[in-house]
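Q: A single structure is presented below for examination.
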Amino acid sequence: MLSSIYTLPEEVINLIAAGEVIDSIAAVVRELVENSLDAGATRIVVALWTQQWRVRVADNGCGMKLTDLRQAATAHSTSKIRSCDDLWKITSLGFRGEALHSLTQLANLEIMSRPALTSEGWYVRYDAGGKVLEAATAAIAPGTVVTVSDLFGNLPNYREGLPAIAQQMKAVQSTIQQIALCHPHVTWQVWQDDREWFNISAGKTSQQLLPQMLRQVRVGDLQELTVEVPNPDTSPTATRAFLNLVLGLPDRCHRHRPDWVRVAVNGRRVKLPELEQTIITATARTLPRDRYPICFLHLQVAPNHVNWNRHPAKAEIYLHHLEYWQEKVTQAIEQALRIHPETIPESLHNSRVSKLIKAAEATSGYHYNRQIQNTKVESHNSCPPTYILKAVAQVNNTYIVAEHPGGLWLVEQHIAHERVLYEQLVDNWQLVALEPSVILNALSPAQRSQLERIGIEIEPFGEQMWAIRNIPAMLQARDDCADALLELSLGGDLQTAQVAVACRSAIRNGTELTLEEMQTLLNQWQRTRNPRTCPHGRPIYLSLEESALSRFFRRHWVIGKSHGI
Ligand code: ADP
Ligand code: MG
């Protein structure tokens, strides 16, 4: 039984504080690598020696002078902030001046550094308090090499309790990948036990990095979007806010877990469940059931809108104006998924084809009415459309061959129409009176409450019979109303019901269409918010890009040569 209160010895206090920042090999890598990035490095080499519990990070950043080296590992020493005010202007990854000091408590720390534009580098070894034990000149290239060895050597029990090395290395890899995604202009080389482990090449944007981490994903499977957005408050802050999004196209790639729904703020991956949920919601109904998007979202916000002091590892933050960002993210995802000239390669906006298409569009009326009257044509979208697809032919009464300036698409008519109708239903779910009412029999209590849940009015109509008084507008004119209502009674939420209605109402495959009808469908479909997949997540079109066609037909061959003339 503990009966008295004692003040802890300083040594213990220091160890506890150090352990909050540095709790694993991956945390060492994170802190050292973030220092390299703060130093402006564009090339970072990480080497790990697992037996020795040693980590070395070498960079080509700005380096440190000897006076800085003497100061760097003492408690709370940082070059990044000076006053309280600065805490709200943080643009660097580090600011607490804790990492190097903590490392001296938990490991042996050595640094070699040479500032750019100087001819002299220094080697420094530190003691457990961060004081310099030894300093000597060293011949190195400009930049910094930090070596941490015998990590947790003075805490054998702690070391014992850590996960197996293989698992720790996995954590190191994912730490580096996350940081790399946030800083795509940096080239990485990672070594393990004197063997090259993996590399990450620099790219213009994170779109070029993601496929290096997810091998089955190719650059073309991703849509990238960077938009500048107004700062959410009116305070006169000079910083501009940006939203960068790399999104897996739903017809090309998705995951069975939400493990690649990732958010970063100002250069660091963070856990922001609210924004992750926004991403999942915005891509729902474009993916198959129980699949999740691949999405990397990076926000650059005014530094005073982030509070990093929610967690020592800075993985959890408070982000101001969260709702504003949720709205912007939803809009950006919608924009990224749409079909518009910018997302089609090699588009020639002013080409003859687009003029032809515009002319065709002007004369076409919407009257294919074999299945259902379509009343809500293109009402949800107020901006004038840029139609880029031209209907050319129908194949097997199932696929529409569509031409655009960059090549050819095959569009499956049923699911393209299903996508159109589904979005119309979501935007305008209307129930209309059913005259005369439809009589259904043998509805179970569950079926009845399901129908009531989506707004259908039901009245008992005698023994085991019910009269249905209203119906979704789109189903009104059908002669299979009863079947449709039974289908709706079988379960699911309103969205599921909307999907079912859209599917039932959409034009069937096997239906012959005129060119005009095809064109109208293409026009409507191009303007949907999520044209790539149907609400069940099936791809809607197959694209044959002109560049691929030209490669296939060897158009680069010089004819004379290839004929041996
Ligand atoms: P913080 O990053 O919070 O400032 P650290 O303990 O991680 O604290 O680093 C202390 C200081 O040492 C930094 O502020 C920086 O000036 C310097 N420093 C650390 N690593 C490097 C590096 N790789 N290149 C240049 N300077 C560095
Ligand atoms: Mg740091």
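The values are calculated or read from the model by the stated rules, or taken from the named source; none is laboratory data. If you're wondering where the values come from, they're calculated on a predicted model, not measured in any experiment. Cβ atoms come from the backbone with ideal geometry, glycine included; neighbour counts cover every protein chain shown. Heavy atoms of the whole protein, side chains included, go into the accessibility calculation; ligands, DNA and RNA do not. Shrake-Rupley method; radii C 1.70, N 1.55, O 1.52, S 1.80 Å.
Q: I need the peptides 28-34, 267-273 ranked by packing, meaning the mean over residues of other C-beta atoms within 10 angstrom, with the highest value on top.
A: Those peptides, ordered most packed to least, come out 28-34, 267-273.
Q: Suppose we keep just the DSSP beta bridges with both residues in the chain; what percent of those would be antiparallel, to 5?
A: 85 percent
Q: Shifting gears a bit: Against the longest alpha carbon principal axis of the chain, how many degrees, from 0 to 90 and to the nearest 10, is the axis of helix 273-283 turned?
A: Around 30 degrees separate the two axes.
Q: How compact is the stretch 384-565 by the rule of thumb for globular proteins, expressed as Cα Rg over 2.2 N^0.38 Å?
A: Expressed relative to 2.2 N^0.38 Å, the Cα Rg reads 1.41.
Q: Taking a 21 Å limit on the Cα-Cα distance, which of the listed pairs K170/K204; K271/K314; K80/K314 fall beyond it? Mind showing how you got there, number by number?
A: Working: K170/K204 26 Å; K271/K314 9 Å; K80/K314 16 Å.
From the list (K170/K204; K271/K314; K80/K314), the Cα-Cα distance tops 21 Å for K170/K204.
Q: Please list, ordered by chain and number, the residues whose modelled amide H lies under 5 Å from the amide H of V438; skip anything fewer than 5 residues away on the same chain.
A: Long-range HN contacts for V438: I468.
Q: While we're here: Post the alpha-carbon centroid distance, the stretch 52-128 to the stretch 214-271, in whole angstrom.
A: 31 Å
Q: If you place +1 on the Cβ of every Lys and Arg, -1 on the Cβ of every Asp and Glu, and leave all else neutral, what size is the dipole of the chain about its Cα centre, to the nearest 20 Debye? All intermediate terms of the calculation are to be shown ahead of the outcome.
A: Numbers: 55 positive and 58 negative charges, 298 e Å.
Roughly 1440 debye for the chain.
Q: Using a 1.4 Å probe and ignoring any ligands, DNA or RNA, find the accessible area of W429 and quote it in Å² to the nearest 10.
A: For W429, the solvent-accessible surface is approximately 60 Å².
Q: Follow-up. Determine how large the accessible area of E274 is when every protein chain is in place; take a 1.4 Å probe and give Å² rounded to the nearest 10.
A: 80 Å²
Q: Could you derive backbone 3J(HN,Hα) for the stretch 463-479 from the dihedral phi with the Karplus parameters 6.51, -1.76 and 1.60 (θ = phi - 60°), listing whole Hz in sequence and x where the residue is Gly or Pro?
A: 4, 6, 10, 9, 9, 9, 9, 9, 7, x, 3, 5, 8, 3, 8, 7, 8
Q: Still on this structure: Could you run the Karplus curve 6.51 cos²θ - 1.76 cosθ + 1.60 with θ = phi - 60° over the stretch 205-214 and give me ³J(HN,Hα) per residue in whole Hz, x for Gly and Pro?
A: Along the stretch 205-214, the couplings run 9, 5, 4, 7, 8, 4, x, 6, 9, 10 Hz.
Q: Still on this structure: For the chain, which semi-axes, largest first and in whole Å, follow from the square roots of 5 times the eigenvalues of its Cα gyration tensor?
A: Working: eigenvalues 657, 202, 83 Å².
Listed largest to smallest, the semi-axes of the chain are 57, 32, 20 Å.
Q: Still on this structure, I have one more. Could you work out the Kirkwood radius for the stretch 1-45, taking every pair of different alpha carbons, averaging 1/r and inverting it, reported in Å?
A: 13.2 Å
Q: Between E334 and R478, 0.36 nm times their residue separation minus their Cα-Cα distance comes to what?
A: Working it through step by step, the gained length comes to 48.6 nm.
Q: With +1 on each Lys and Arg Cβ and -1 on each Asp and Glu Cβ, and nothing else charged, work out how big the dipole of the stretch 384-565 is about its Cα centre, in Debye to the nearest 20.
A: With only Lys, Arg, Asp and Glu charged at Cβ, the dipole is about 1120 debye.
Q: Rounded to the nearest 5, what is the percent of antiparallel bridges among the DSSP beta bridges in the stretch 220-337?
A: Antiparallel: roughly 75 percent of the beta bridges in the stretch 220-337.
Q: Send over the Kirkwood Rh of the stretch 220-337, from the inverse of the averaged 1/r over different Cα pairs, rounded to one decimal Å.
A: 14.7 Å
Q: List the relative contact order of the stretch 46-134 as a percent without decimals, with contacts defined as Cα pairs under 8 Å and 6+ residues apart. Provide the component values of the computation, followed by the final result.
A: On the way: 126 pairs, mean separation 25.8, N = 89.
Relative contact order for the stretch 46-134 comes out at 29 percent.
Q: Could you tell me the calculated FRET efficiency between W49 and S4, based on Cβ-Cβ distance and R0 = 41 angstrom, to the nearest 0.05?
A: E between W49 and S4, to the nearest 0.05, is 0.40.
Q: Using only helices, what value at 222 nm comes out for the chain when you add -39,500 (n - 2.57) per DSSP H run of length 4 or more and divide by the total residues, to the nearest 500 deg cm²/dmol?
A: Computed ellipticity for the chain at 222 nm equals -9000 deg cm²/dmol.
Q: I've got another one for you. If I model the stretch 1-124 as equal point scatterers sitting on the Cα atoms and use the Debye formula, what is log10 I(q)/I(0) at q = 0.15, 0.16 Å⁻¹?
A: Ignoring solvent entirely, the Cα scatterers give -0.77, -0.86.
Q: Straight-line reach from K328: which aspartates and glutamates have a Cα under 18 Å away, not including same-chain ones fewer than 8 places off?
A: Correct list for K328: E224, E228, D233, E274, E276.
Q: Follow-up question, since we're still on this one. Can you check what the net charge comes to around E20, using other residues whose Cβ is under 15 Å from the Cβ of E20 (Lys, Arg +1; Asp, Glu -1)?
A: 0
Q: Now for a different question. What accessible surface, in Å², does a 1.4 Å probe find on K65, ignoring ligands, DNA and RNA and rounding to the nearest 10?
A: 120 Å²
Q: A further question follows. Using only the alpha-carbon atoms, how far is helix 352-363 inclined from the longest principal axis of the chain? Give it as 0 to 90 degrees, nearest 10.
A: The angle comes out near 40 degrees.
Q: For the stretch 281-324 and the stretch 161-202, what is the separation of their Cα centres, given in Å?
A: 23 Å
Q: Let's test the formula: R0 of 22 Å, r as the Cβ-Cβ distance of R508 and A393. What FRET efficiency results, to the nearest 0.05?
A: 0.75
Q: Find how much the distance from S201 to T118 grows on full extension, using 0.36 nm per residue of separation minus their present alpha carbon separation; answer in nm with one decimal.
A: Residue separation times 0.36 nm, minus the Cα-Cα distance, leaves 27.1 nm.
Q: Between helix 494-505 and the chain, what is the angle of the helix's C-alpha long axis to the longest principal axis, kept within 0 to 90° and rounded to the nearest 10?
A: That works out to roughly 40 degrees.
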